[in-house]
Structures are given as structure tokens and as C-alpha cells.
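Remarks on the structure that follows.
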Amino acid sequence: MTLPAALVTGGAKRIGAAISRRFGAAGWHVVIHCGRSLAEAQALAAELPSAEVVRCDLADGDAAMAMVDELAGRLDDWRAVVNSASVFRPDGVSALDVGTHWEAMQVNAATPALIAQAYLRLARSTAERRVIQVTDQKLANPNPDFFSYTMSKHALAATVPMLAMANSNDRIYALAPGAILASHDQGEDEAEASHRLNLLGRRTTVEEVADAAFFLATGPLASGQTLFVDSGQHLLAQPRDVMYLARG
């Protein structure tokens, strides 16, 4: 494999799929990770000029590290990892759900950190290696909803400056989207309204997030930075998740 390669976790659906398409359109070999979305991953891989599918449960950190080890053994120019996979389940500031919390912290924070560490330890590349941890605009604009999810994204964001300090020859970033696609129990009409609750009054697109991911994988931004792609949502102080604000 001589093309530059990128692993996109959760790369079969939603934002992850848009990121996979963006790298594919730029001529990269895209490794599309999936958990349960095997059919969607295979269909997407068939659309791209050069792609493959890998499958593992990100709740299992050992399986994720084995996945990285296997890829590192055969990808000659593995330039980027985009940790896009995430779980988003509701619990609240007054009632943390233990199961929801464990899953969120493992899938959204611990496993992406393990993947980044294994990648930086094992991967070969002809250029600077890049790690992109997909976080959330809630880092700067927190609210009490989706308590464990938000905790996990703060934990993931904390890995970025630490990894950047310890890996001076590589670049590590956080990519923080705002409300992009319908989530949890939202309908599309609800999403259309709630996702405009930002400074620009517009809906941020998955293509903008994908373009940002590709920029971080190829551009000159200093390591350790966070790039917000949210039409200014993170500059507000919203007392609840926009899903609930739109419901009134």
C-alpha cells in the first residue's frame, strides 16, 4: 500500500462517513472502521477509489490496539487517524447512569487515547503523522444534559495537549463540531431548528467538518490545537442541549 492512508473510526455513518469520503476524494486510502455498521461500511468502501473495512468493538481497548497493530504492519504510509466514533446517550447532572458513564468514557475517551498511543508507537509514514480526536463544542459551551457524554469529551480533549507534548515530531489535534446531524430522538424538522441556535443562525454541514478534518491531516496548524467547526455555537452560553432548547 503506497497511497497515504487514514483510519477513520466510526467511518461508515454520519460525520465519520463524510470524513471517509473527503479523504477518499483526495486520493487517500481510507480504512473505514465500524462496529455494528458492517453493511454500511462495505457499501461506502465500494464507492471510494481505495478503501477497506476493519471491524472491532471500541468498548474493548485490547481489540482496538490489536486493530492498530495489524494495520501498522502493512500500511507503508499511514499518515492520519481520525477518532470520530462516539456514543451519545442521555443521562443527567443529578443522576449519572453507571452503565452509560462506563460506555461513554471507554468508547469516547479511553479507547481513542489507546488508539492514538498505539498509532504513534507503531505506524510508519513518509510524512508527519497526524492524530485527530473528534470532541464537541460542549468543551467551551457545557450544559447539564448528556452528562457522561460531555465528561467523556472533556477527557478526550485533555489527551490532545499531553500527546502533543510527548510527540514533538507528530501533530495531534482536537476537532470540535457543533450540532450537525439529528441525534438521539430528534426528528429532522427538530434538528433543522435546533442546529441553527448558533451565532451565525445557520446549520453547519458534515462537509465542513470533513474539510476541517482533512485540513488538520494536511495543513500547517501547530500541534495541540482545537479547531471548532460549529458556526460559533461554542461562543454562546446555552443552559441546555440545543435539542431541548428548541423544544421550549
Projecting the Cα atoms of MET65, GLY27, LEU48 onto the charge dipole of region 1-136, where Lys and Arg contribute +1 and Asp and Glu -1 at Cβ, the residue farthest towards the positive end is GLY27
Note to self: with every protein chain in place and a 1.4 Å probe, region 71-202 gives an accessible area per residue in Å² of 41
Extend 7 Å from the Cα of LEU245 along its Cα-to-C-beta direction; within region 186-225, residues with backbone N under 16 Å of that point are 190-204
Answer in debye to the nearest 20: the dipole magnitude of the chain about its Cα centre, from +1 Lys/Arg and -1 Asp/Glu charges placed on Cβ, is 480
Here the relative contact order (percent) of region 42-112, from C-alpha pairs under 8 Å and at least 6 apart, is 33
Computed from the beta carbon distance with a Förster radius of 41 Å, FRET efficiency for ALA66 and VAL93 to the nearest 0.05 stands at 0.70
Helix 61-72: inclination vs the chain longest Cα principal axis, degrees, rounded to 10, gives 40
Check: C-alpha center region 106-153 vs C-alpha center region 75-100, spacing in Å is 8
Measuring from its Cα centre, region 117-248 shows a charge dipole (+1 at each Lys and Arg Cβ, -1 at each Asp and Glu Cβ) which, in debye to the nearest 20, is 560
Relative contact order in percent for the chain (Cα pairs under 8 Å, 6+ apart) equals 19
For the MET162, ALA43 Cβ pair and Förster radius 30 Å, calculated FRET efficiency rounded to 0.05 is 0.20
Counting only protein heavy atoms and leaving out ligands, DNA and RNA, the solvent-accessible surface of PHE147 at a 1.4 Å probe, in Å² to the nearest 10, equals 60
Rounded to the nearest 5, the percent of antiparallel DSSP beta bridges in region 1-120 equals 5
Between the Cα axis of helix 14-25 and the main Cα principal axis of the chain, the angle (0 to 90°, nearest 10) is 40
Given backbone amide H placed at 1.01 Å from N, residues whose amide H is under 5 Å from that of LEU221, ignoring those fewer than 5 places away on the same chain, are none
Of ARG171, ARG130, ARG89, the most mobile residue in a GNM of the chain (C-alpha springs, cutoff 10 Å) is ARG89
quick note, the chain, DSSP beta bridge pairs, % antiparallel (nearest 5) is 5
So the carbon and sulfur contribution to the accessible area of the chain, 1.4 Å probe, in percent, is 55
Checking rank on 63-72, 106-115, with mean other Cβ inside 10 Å and highest first, the result is 106-115, 63-72
Between ASP76 and HIS154, the two model label points (7 Å from Cα along the beta-carbon direction) sit apart by a distance in nm of 4.6
Highest GNM mean-square fluctuation among GLY224, GLY99, GLY11, for the chain with Cα springs under 10 Å, belongs to GLY99
In nm, the gap between the two label points placed 7 Å beyond Cα toward Cβ at THR126 and TRP102 is 4.6
Expected max-MSF residue from THR218, THR204, THR135 in the GNM of the chain (alpha carbon, under 10 Å) is THR218
Helix 111-122 sits off the longest principal axis of the Cα atoms of the chain, rounded to the nearest 10 on a 0 to 90 degree scale, by 20
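The values are calculated or read from the model by the stated rules, or taken from the named source; none is laboratory data. Remember, it's a predicted structure, so these values are computed and weren't measured experimentally. Quick reminder, even Gly has a Cβ in these numbers, built from the backbone with ideal geometry, and neighbours come from all protein chains shown. Note: areas computed on protein heavy atoms with side chains; ligands, DNA, RNA excluded. Shrake-Rupley method; radii C 1.70, N 1.55, O 1.52, S 1.80 Å.
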